[in-house]
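Each remark here refers to the structure printed beneath this line.
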Amino acid sequence: MCPARELRDREAQNRLHRFEMLPGTERDRRPRGDPLRAVKEYSRPAAGKDSTNPTELRPPAVLLKTVRYLIDEITAPSHQHPWTEVYSFVFDRLRSVKQDMIIQRVSGSDCVAILERTVRFLIYASYRLCGEPLRLYDPRINDTHLQEYLSWLLDCYATGSEAHPNQEEFQALALLYNLGSARATQHIMELPERLRSTPAITLALSINQAFLERNPVRLLRLARRLNFLQTCALHRHLAACRRDLLLVYSHGFSSRNCRFPLERLSQLLSLDTLLTAQLCQTYGVEVNQDNQVVFSKAAFSEPEQGKLHCNLYHSIVSEKQKDLTVQNIIHGCA
């Protein structure tokens, strides 16, 4: 998984990650690398550097084996290490895999298998690490790479001649992740009818329509039918969706004598009553002592930057994970 020369160089420069060190040498002044655990790191193209050296490139079968190793041996036992560290290591090594794929112009089933696992990993990470400090996780960088991998994967589906059993899953994930995007919507509408009418894509289209119509009640109701990874893809839109719901209700039920049950609002928002009351307070919506919401269009206000912590309102996602392991999620065994 790592060229011998790179492993020697990184040993000499003391640049081994602790996931790559030979057990028992971690506390040495210069830890040794484990050839069975070391993974080629990403390096930027530089002048004079031969990136096409065959001895430095991993063939497609080895690249797929590398991705499987990263999932099975690094992300799966993640309880042993902070997930931000796991993400940083796997993200870098996946970039290196991508680099080798591009140089060799890898295509076919191995390419699709690698891209599918990479997309699942990045979608899961976007949910798992939401709210982490920027120095540990940058959602914009994750999004940029995820969009590139998705585009590449969808292009493989469109140009390949072989059947792709997971195409329905990823076409739906692409739309859920890019809700409201004219480009993503047009792409789905240009798919063959037999694919466009499959359950996952039909549901994704309905959710996209609710998003475009600014109908947050319908969107959140439909979101309950999504599986875990689909909800991970959707989750970045949930904060705006809930904000729209509170804004619409603040206008529609704005009356001095009107009271709205907090429990009913919590059901609409797919939150428990405590978090619903907290969210209402964030947007200036009053909740009285009788657990009734007093909507007022004059009182509704946008929260200050950094005051709304998205990861506090993830219950609609987390409750779907149940007993699913990270390994099963990324391999698509969920």
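The values are calculated or read from the model by the stated rules, or taken from the named source; none is laboratory data. These numbers come from a predicted model, not from an experiment. Glycine also receives a Cβ, built like all others from the backbone with ideal geometry; neighbour counts cover every protein chain displayed. Heads up: the accessible areas ignore ligands, DNA and RNA and are worked out on the full protein's heavy atoms, side chains in. Shrake-Rupley method; radii C 1.70, N 1.55, O 1.52, S 1.80 Å.
Find the percent of Cα-Cα distances in the chain that exceed 36 Å, and round it to a whole number.
Values: 17056 of 55611 pairs.
Considering the chain, 31 percent of its Cα-Cα pairs are separated by more than 36 Å.
If the range 1-156 were replaced by its equivalent ellipsoid, with semi-axes equal to the square roots of 5 times the Cα gyration tensor eigenvalues, what would those be, largest first, whole Å? Don't skip to the answer; put the middle values down first.
Working: eigenvalues 114, 92, 41 Å².
Working through the eigenvalues yields semi-axes of 24, 21, 14 Å.
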Chain lengthening between Tyr42 and Asp290 when straightened (0.36 nm per residue, less Cα-Cα): 83.5 nm
Sites removed, the longest contiguous part of the chain containing no DSSP-loop trypsin sites (Lys or Arg not before Pro) with at most 15 other Cβ within 10 Å is 136-213
Projected onto their principal axes, the Cα atoms of the range 173-235 stretch, largest extent first, over whole-Å spans of 29, 22, 16
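Any idea what diffusion coefficient the range 190-334 gets from Stokes-Einstein, in µm²/s, Kirkwood Rh on alpha carbon pairs, 10 °C, 1.306 mPa s?
Numbers: Rh = 16.7 Å.
So the translational diffusion coefficient is about 95 µm²/s.
I'd like the FRET efficiency for Lys307 and Ala61, computed as 1/(1 + (r/R0)^6) with the beta carbon distance as r and R0 of 35 Å, rounded to 0.05. Don't jump to the answer; show the numbers that get you there.
On the way: r = 50 Å, r/R0 = 1.42.
The value I calculate is 0.10.
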Estimated distance in nm for a label pair at Arg29 and Gln209, the labels positioned 7 Å out from Cα along Cα-to-Cβ: 7.0 nm
At what distance in nm do the modelled label points of Asp72 and Asn227 sit from each other, each positioned 7 Å from its Cα along Cα→Cβ? 2.1 nm
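Hey, any idea what % of the chain's accessible area is carbon plus sulfur with a 1.4 Å probe? Could the numbers behind the result be given before it?
Details: 8430 of 17400 Å².
Roughly 48 percent, rounded to a whole number.
Which net charge results for the neighbourhood of Arg18, defined as the other residues with beta-carbon distances under 9 angstrom from its beta-carbon, given Lys and Arg at +1 and Asp and Glu at -1? Kindly include the intermediate steps, with their values, before the conclusion.
Values: positive: none; negative: Glu20, Glu26, Glu85.
Net local charge, Arg18 excluded: -3.
Can you work out the accessible area per residue across the chain, with the rest of the protein chains kept in place, probe 1.4 Å, in square angstrom?
Working: 17400 Å² over 334 residues.
Per-residue value: 52 Å².
Under the 0.36 nm per residue contour assumption, what length would be gained going from the current alpha-carbon distance of Tyr157 and Ser51 to full extension? Don't skip to the answer; put the middle values down first.
Details: separation 106, 0.36 × 106 = 38.16 nm, distance 2.79 nm.
Net length gain for the segment: 35.4 nm.
Excluding the sites themselves, what is the longest stretch of the chain that contains no GluC sites (Glu not before Pro) in a DSSP loop with at most 14 other C-beta atoms within 10 Å? Walk me through the numbers before you get to the answer.
Numbers: sites that count: Glu26, Glu162, Glu190, Glu213, Glu304.
Here the longest run is 27-161.
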Give me the one-decimal nm value for the distance between modelled label points at Asn166 and Ser315, 7 Å along each residue's Cα-to-Cβ direction. 3.2 nm
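Can you give the alpha-carbon Rg of the range 68-203 over 2.2 N^0.38 Å, where N counts its residues? Write out the running numbers ahead of the final one.
Working: Rg = 15.7 Å, N = 136, 2.2 N^0.38 = 14.2 Å.
Normalised by 2.2 N^0.38 Å, the Cα Rg of the range 68-203 equals 1.10.
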Sorted largest first, extent of the range 283-334 alpha carbons per principal axis (Å): 49, 29, 15
If you keep only loop residues by DSSP, which chymotrypsin sites (Phe, Trp or Tyr not before Pro) in the range 110-210 have at most 11 other Cβ atoms within 10 Å of their Cβ? none
Convex hull of the range 239-314 built on C-alpha atoms - directionally averaged projected area, nm²: 4.6 nm²
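Expected output is a single nm value to one decimal: the length gained when fully extending between Arg218 and Asn14, i.e. 0.36 nm times separation in residues minus the C-alpha distance. What is it? Intermediate values should be presented prior to the final figure.
Working: separation 204, 0.36 × 204 = 73.44 nm, distance 5.46 nm.
Full extension of this stretch gives 68.0 nm more.
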Please report the net charge: other residues with Cβ closer than 13 Å to the Cβ of Pro35, K and R +1, D and E -1. +2
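Can you give the FRET efficiency for Arg183 and Ile102, using 1/(1 + (r/R0)^6), R0 = 22 Å, r = Cβ-Cβ distance, to the nearest 0.05?
Details: r = 23 Å, r/R0 = 1.03.
With a Förster radius of 22 Å, E is 0.45.
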When Lys and Arg each count +1 and Asp and Glu each count -1, what net charge do the other residues less than 13 Å away from Arg259, Cβ to Cβ, add up to? -1
The orientation-averaged projected area of the Cα convex hull of the range 17-99, in nm², is 6.5 nm²
